[in-house]
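A short write-up of the structure that comes next.
The values are calculated or read from the model by the stated rules, or taken from the named source; none is laboratory data. Keep in mind it's a predicted model, so treat the numbers as computed, not measured. Note: ideal-geometry Cβ built from the backbone for every residue, glycine included; neighbour counts use all protein chains shown.
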Amino acid sequence: METATVVAADYGFLRELVYGLTRNVLDPSRDYLFETRLSRLLRNQGMNRVEELVRRLRASRNPALENAVAEAMTINETSFFRDVRPFDLLRTVLLPKMIEARRFRRSLRFWSAASSTGQEAYSLAMLVLEHFPMLAGWDIRIEGTDICAEVVEHARGGRYQRIEINRGLPARFQVRYFDHQGEHWTVKPEVRKLCKFRQANLCGPRPPFNRAGDQFDVIFLRNVMLYFSQETRRTLLATIHHLLAPDGLLFLGSCEQPADPSIWTPMLAGGTCYFKPRIPSQKQEG
């Protein structure tokens, strides 16, 4: 009984640590995930059990080790053109309108928040190159951010295994936008030059983008807030609202909704939902 209590306390400590760094709320029913997701970290630290890791973390502050724990518990599920409907809607309806509205400024800026290993950002880049050749000469920037340093490095490398390539990538894109080397495919330079990746915490004390003039035309924040509290969602989406152009577009996951509907107008089209920013005093548009 005493051992079970100690283990429960250890899991509680880890849940609090992860929440403090990422604002992810981990339910106790999912404590078993610590054993599997921390296994590689334990090996790298010369440990065998989660209890050893917790003892070390309790003994003294170790920001690098704490961050490694938080990163290991972050879900990095992604694929090329994941849930293709937002990409189809951008291609057929939304981007043509936005391009017309930006014809004098000649720039577009996208943000793949929680970009994981980069497939979402590269999908946006391929979409632009494939279907909008008139944007040649425009300033096109696709920013990808993720809390996990390891997946950011993967994204920067743009090198994928067969199983990753086979998930969502059209065959013609595989031929046109990747170089094939053995069992790996590497994103071609023309695609990579549109994308920039860096490590950033969406829920950190400072937003990932905070320079004067930082503003995005399209933001993908999909399947990020599933384990956030309502207050964390509200705070994050207020930051997103500030960073999105007045006529910009926000895509959330299919099961996600803004925490504060007073500043977002939901739009249904093409079998998917996206959101436009608005100020609270405005009446919601149809």
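Quick test for you: out of Arg167, Arg156, pick the one residue that is surrounded by 15 or more Cβ atoms within 10 Å (Cβ to Cβ), under 22 Å from the mean Cα position of the chain (by Cα) and either of a type in the set (Lys, Arg) or more than 23 Å from Ala114 (Cα to Cα) (or both). Before the answer, list the steps.
Working: Arg167 fails: surrounded by 15 or more Cβ atoms within 10 Å (Cβ to Cβ).
When all the criteria are applied, what remains is Arg156.
Hey, does region 98-110 have a residue that's at pLDDT below 80, buried (at least 19 other Cβ atoms within 10 Å of the Cβ) and touching a strand residue (DSSP E or B) at 6+ places or on another chain (Cβ under 7 Å)? Let's see the steps before the verdict.
Just the residues of region 98-110 that are at pLDDT below 80, to begin with: none.
No, region 98-110 contains no residue that is at pLDDT below 80, buried (at least 19 other Cβ atoms within 10 Å of the Cβ) and touching a strand residue (DSSP E or B) at 6+ places or on another chain (Cβ under 7 Å).
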Note on region 87-117: residues more than 17 Å from Leu252 (Cα to Cα) and part of a loop (DSSP other than H, G, I, E, B) are Arg102, Arg103, Phe104, Arg105, Arg106, Thr117
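What's the total number of residues in region 128-138 that are on the phi < 0 side of the Ramachandran plot and in a loop (DSSP other than H, G, I, E, B)?
Qualifying residue count, region 128-138: 3.
Can you tell me which residue among Val50, Val69, Val54 is modelled with pLDDT under 85, over 25 Å from Phe173 (Cβ atoms) and surrounded by 16 or more Cβ atoms within 10 Å (Cβ to Cβ)?
Numbers: Val50 fails: modelled with pLDDT under 85; Val54 fails: modelled with pLDDT under 85.
Residue meeting the stated conditions: Val69.
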Surrounded by 14 or more Cβ atoms within 10 Å (Cβ to Cβ), farther than 20 Å from Met73 by Cα and touching a residue at least 12 places away in the same chain (Cβ under 8 Å): is that true of Phe220 in this structure?
yes
In region 34-47, what count of residues is obtained for those that are surrounded by fewer than 16 Cβ atoms within 10 Å (Cβ to Cβ) and either in contact with an Asp or Glu (Cβ under 8 Å, 6 or more places away or on another chain) or touching a residue at least 12 places away in the same chain (Cβ under 8 Å) (or both)?
4
Out of region 210-230, which residues are out of contact with any strand residue (DSSP E or B) (no Cβ under 8 Å at 6 or more places or on another chain) and of a type in the set (A, V, I, L, M)?
Ala212, Leu226
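Being under 18 Å from the mean Cα position of the chain (by Cα) and not charged (D, E, K, R) is the filter; apply it to region 170-195 and report the residue that is surrounded by the most Cβ atoms within 10 Å (Cβ to Cβ). Lay out the reasoning, then the answer.
Looking only at region 170-195, we keep the residues that are under 18 Å from the mean Cα position of the chain (by Cα), and these are 192, 194-195.
Retained after the next criterion (residues that are not charged (D, E, K, R)): 194-195.
Details: Leu194: 20, Cys195: 24.
Here the answer is Cys195.
Just to confirm my filter: which helices (runs of 4 or more DSSP H) fall fully inside region 139-205 and include at least 3 residues that are in the same structural domain as Ser123 (by TED's automatic domain parsing), out of contact with any Lys or Arg (no Cβ under 7 Å at 6 or more places or on another chain) and among the small types (Gly, Ala, Ser)? Step through it out loud before you land on a result.
Values: elements: 149-157, 162-165, 171-177, 189-192.
Answer list for region 139-205: 149-157.
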When Gly158 is evaluated against the numbered criteria (1) farther than 13 Å from Lys193 by Cα; (2) without any contact (Cβ under 8 Å) to a residue 60 or more places away in the chain; (3) touching a helix residue (DSSP H, G or I) at 6+ places or on another chain (Cβ under 7 Å), which criterion, by number, is the only one it fails?
(1)
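Among the listed residues Ala200, Ala149, identify the single one that is closer than 25 Å to Glu71 by Cβ, loosely packed, with under 15 Cβ neighbours inside 10 Å and either out of contact with any helix residue (DSSP H, G or I) (no Cβ under 7 Å at 6 or more places or on another chain) or among the aliphatic types (A, V, I, L, M) (or both). I'd like the intermediate steps shown before the answer.
Working: Ala200 fails: loosely packed, with under 15 Cβ neighbours inside 10 Å.
So the residue among Ala200, Ala149 that is closer than 25 Å to Glu71 by Cβ, loosely packed, with under 15 Cβ neighbours inside 10 Å and either out of contact with any helix residue (DSSP H, G or I) (no Cβ under 7 Å at 6 or more places or on another chain) or among the aliphatic types (A, V, I, L, M) (or both) is Ala149.
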Name the one entry in Leu94, Leu135 that is under 24 Å from the mean Cα position of the chain (by Cα) and assigned by TED's automatic domain parsing to the domain that holds Ala269.
Leu94
